[in-house]
Amino acid sequence: MDTFVYIMNFIKDKNIASITPTSSVGVKKVCSKIDFSQNKLIVEYGPGTGVFSKYLLHQMGEDSRLILIERNRNFNSILERKINDPRVVLVQDSCENVLDTLRMCKEAEADYIISGIPFSFLDHDLKHRILYNTHRALKKGGKFLVYQTCFQTNNHLKTHLKKYFPVVNSKYELANIPPLRTYEAIKA
């Protein structure tokens, strides 16, 4: 069902990066960079149908919070129906407005921000507004965890991340279909 929903939205929305949701292997690899032993604030850009969101909620403590920022109306409606958890705030907006979203949620900074938005599809200015605001939205030592399908190669994202984050690690995850390139960018 999720794959069908992704395909339909992929056809209609140029900001959708994939025709399938991320596999459980891909989700676990990206989320392995999160310390769930302490209460944290996690922000997710473009949660789609909620595969990461469900995993995060299962791993998070009772006092942790998850802010989901989804701009696609169809995905937003699906998330409203699927996720009924007091730890979640769902915001229909663009992730470039993450600082406004944090203020609205009465939060200062996030511990982690996870993103699957297709950075290679974005124009230069929007890409850098998102990265700049993401950096500002994170606590010192906070992590920006990004996953991209391996086909999104133009203007390699690591180069752009290094303009804002001093430490950027990158790996391929071949067990996902399509394979993923993952990034861990750490705020100094």
Practice prompt. Quote the relative contact order of the chain in percent (integer), defining contacts as alpha-carbon pairs under 8 Å separated by 6+ residues.
Written response: 20 percent
Worksheet item: Out of (i) 40; (ii) 30; (iii) 23, which label holds the value of percent of Cα pairs over 26 Å apart that was computed here?
Response: (iii)
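For the chain, give the percent of accessible area contributed by carbon and sulfur heavy atoms, probe 1.4 Å, rounded to a whole number.
Whole-percent figure for carbon plus sulfur exposure: 51.
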Worksheet item: Residue-wise, which Karplus ³J(HN,Hα) couplings in Hz belong to the stretch 82-89, taking 6.51 cos²θ - 1.76 cosθ + 1.60, θ = phi - 60°, and x for glycine or proline?
Response: 7, 10, 10, 9, x, 7, 9, 10
Worksheet entry | the stretch 96-188 - accessible surface per residue (Å², probe 1.4 Å) | 48 Å²
Discussion item. Beyond 18 Å, how much of the Cα-Cα pair distribution for the stretch 51-130 remains, as a whole percent?
Written reply: 45 percent
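The values are calculated or read from the model by the stated rules, or taken from the named source; none is laboratory data. What you see is a predicted model; the values in this text were computed from it and never measured. When the accessible area is computed, the model is the full protein with side chains, heavy atoms only, and any ligands, DNA or RNA have been set aside. Shrake-Rupley method; radii C 1.70, N 1.55, O 1.52, S 1.80 Å.
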